[in-house]
1. I want to check the label-to-label distance for residue 90 and residue 38. Put each point 7 Å from Cα in the C-beta direction and report it in nm to one decimal.
2. Subtracting the Cα-Cα distance from 0.36 nm times the residue separation, let me have the gained length for residue 45 to residue 99 in nm, one decimal.
3. What's the extension gain from residue 80 to residue 63 if we count 0.36 nm per residue and subtract their Cα-Cα distance?
Amino acid sequence: MPALDRATRFEATGPDRDGGCSALAPAGPDGQTIYAAYIIREFDSAAQDWKRNCFVRRISARSCVADLNLNSLADPGDFDSFVDAFVEENPAADVNLDASIDGADVDLFIEAYDEQGGGG
C-alpha cells in the first residue's frame, strides 16, 4: 500500500468550474510520487462568504526507498542510480521526500538498502 502523508492545505484561486470540487494528480519530479490535489468550497462564517481551498496529498509508489528502479529488489543498480542522482542533485535522490537532497537521504537509502540485502 502506498505511503500517505497528511494533507497540506492551500488557498485556491481561479474559477470554480464544477460547483465546488476539483481534483488533479500530477506526478512528482522523481516519477515515483503522485501529488493528488482537490479544491473544495467552504463557507467562511467570519467573512460570511464562500472561499475555495486546495488540499494536496503526497503519495509515494515505492514500497522500499532503496528500490529506485522499481524491480522489487534493492540491488547494485539502485545503489549506482542513487549515487548518480545524489551527486547531480536529482530529485530521485530525495528518498525521504522532504524536498531537500542531503545526508538524511543518504542515511535512509543506506539503511533501506542494507535491510533489503543490497549491501551484500
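1. Each label point is offset 7 Å from its Cα along the Cβ direction, giving 3.4 nm.
2. Extra length from residue 45 to residue 99 when fully extended: 15.9 nm.
3. Length gained between residue 80 and residue 63: 4.2 nm.
Read-outs throughout are calculated quantities, based only on the coordinates presented, and are distinct from any laboratory measurement. Every value quoted in this text rests on a predicted model; they were computed, and no experiment measured them. Glycine gets a Cβ as well: all are built from the backbone with ideal geometry, and neighbour counts include every protein chain shown.
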